[in-house]
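What follows is a short report on a single structure.
All of the numbers you see were taken from the coordinates with simple rules; none came from a lab. If you're wondering where the values come from, they're calculated on a predicted model, not measured in any experiment. A quick note on method: Cβ atoms are made from the backbone with ideal geometry, for glycine too, and the neighbour counts reach across all protein chains shown.
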Amino acid sequence: MRRPARLPAYRGIPVRRILCLLPLVVVGVWAVQHRSLIGSGARQMLTANPYWLLTAVATTGLGWVAVSFARQGAVLERLPAKRLFATQFAAGAANHLLPSGIGASAVNIRFMTGCGLPAARSSAALALYFLAEATTRIGLLVVLLPAFPEALHLGPLLPDRVGTAVVAGVVAAVCALVLGVVMIRPVRRIVRTFLRTALADARSLHMRPFRALALWGGSLAFPLLQAAGLVAVGLALELEVRPPHVMLAYLAATAVAAVIPSPGGIGSVDAALVIALVAAGAPVDSATSTVLAYRFITVWLPLIPGALVLGTLVRSKIV
């Protein structure tokens, strides 16, 4: 296995040692800044049904297993299973350092290159994973929306011009991206090489049934497990919304929040989940309590352990 390149030193202190401590420092600063939210989420959990909360914790842990399967399914080479799982757990903490999943992506690319994959193929595997995850999430929405057409009522919550503005912004961003790729020759060359590599790897992967099953099965299981965790928290707090409607609210909220870049979805996911649960029929205070407790389990509770694992992986030169 090829190790990542050795990092230099800064004023006599190895940069790797600084990077080992950086996740803990960032998490500590983040926890101080959001201490009121963390405290509120913890207080909500004290009055909840503990068995349903344990179910939510279990679905969160199984979510990392599902992501590990999906990441393995995105590459032809066999990755070390224990290190792969630890990397996904650590990537959750790294995801709160940078917006739009950049932290988790950097950790995974570093891990795959350390396992001997070229940078181009690591990037192609990452893109394939994101494509599979987005496709399955949208597919679930397409299946559930017609099955439960009465689940979400956004009309009273969002004016029409908000939806128009979001659509216009997405279209403008896509047009700018396409224009940049077409007009800038170095970017065009990089994109062409990347697409050639990604398509070749995707073809090879889908000729191996176990890899394809791991990729698409893990990508499908992850949002289902996350949605099931929100359902469990809602049942723990006696949220008066049907479980299928809660799952649909989760899928819709996370799909919308994905276009708003924020570290770990802090703020964007929380607001979108509250709006979606209210649209599903929950009172505002109950929806807020459910989201706070859910985010406490899925984000705040694993944050410090994830930062410790990330520091250990950096120190061990695994990432």
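Some observations on this one:
- Per-peptide average of other Cβ atoms within 10 Å, ordering 287-294, 103-110 highest first: 287-294, 103-110
- Chain lengthening between Arg78 and Ala200 when straightened (0.36 nm per residue, less Cα-Cα): 42.2 nm
- In a reduced charge model with +1 at each Lys and Arg Cβ and -1 at each Asp and Glu Cβ, segment 74-144 shows a dipole moment near 180 debye about its Cα centre.
- Relative packing of 84-90, 251-257, 47-53, which averages over residues the other C-beta atoms within 10 Å, highest first: 84-90, 251-257, 47-53
- Net charge of the neighbourhood of Leu248, taken over other residues with C-beta under 15 Å away and scored Lys/Arg +1, Asp/Glu -1, is +1.
- Convex hull volume per residue in cubic angstrom - Cα atoms of segment 91-142: 80 Å³
- Proximal charge balance of Gly92 [Cβ under 14 Å; K/R count +1, D/E count -1]: +2
- Gyration tensor verdict on segment 202-319 (Cα atoms; rounded if a/c is under 1.5, prolate if a/b is larger than b/c, oblate otherwise): oblate
- Additional length obtainable on full extension of the chain from Ala134 to Arg315, 0.36 nm per residue less Cα span: 61.9 nm
- With the simple model of a label 7 Å out from the Cα in the direction of the Cβ, Val142 to Ala271 spans 3.0 nm.
- Here the Karplus relation 6.51 cos²θ - 1.76 cosθ + 1.60, evaluated at θ = phi - 60°, turns the backbone of segment 296-312 into coupling constants of 4, 6, 8, 10, 6, 5, x, 5, 5, x, x, 5, 5, 5, 4, x, 5 Hz, with x for every Gly and Pro.
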